[in-house]
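S.K.: Below is the structure I would like to discuss, written out as structure tokens.
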């Protein structure tokens with residue numbers, strides 16, 4: 001993963017709404033979650049805003065989706081977050097990071 005990809009991940013997660021959406025995806029990572037379920041759990045986000053945030057998260061590589069009939073099922077890309085954390089801690093404690 002290059003620094004541009006890492007930067008895109010952190011930019012996407014730096015907005016509170018997107019962070020909440022991503023956390024919901026993580027909580028439902030096994031079965032996935034639909035935009036309708038995300039909308040119902042967040043309660044106060046407009047549907048077009050939710051769609052915008054899901055697009056940003058997808059473009060940053062933080063989630064994927066698949067079609068299931070007329071519904072979209074979103075799942076987090078936990079590997080991307082792990083890679084971003086690994087990037088941050090790469091040279092921690094002179095290579096002997098215990099974090």
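Each reported figure results from applying straightforward, stated rules to the coordinates on display, with no laboratory input. Worth saying up front: this structure is predicted, and the values here are computed from it rather than measured. Here the Cβ is made from the backbone with ideal geometry for all residues, glycine too, and neighbour counts use every protein chain on show.
S.K.: Please give the calculated 222 nm ellipticity per residue for the chain, where each DSSP H segment of at least 4 residues contributes -39500 (n - 2.57) and the sum is spread over every residue; nearest 500 deg cm²/dmol?
M.R.: After summing the helix terms and dividing by residue count, I get -17000 deg cm²/dmol.
S.K.: I'd like to compare 19-27, 62-70: which one has the highest average count of other Cβ atoms within 10 Å, and what's the full order after that?
M.R.: Descending mean neighbour count gives 19-27, 62-70.
S.K.: Over 16 Å, how big is the tail of the calculated P(r) for the stretch 3-86, in percent of all Cα pairs?
M.R.: Result for the distance tail: 47 percent.
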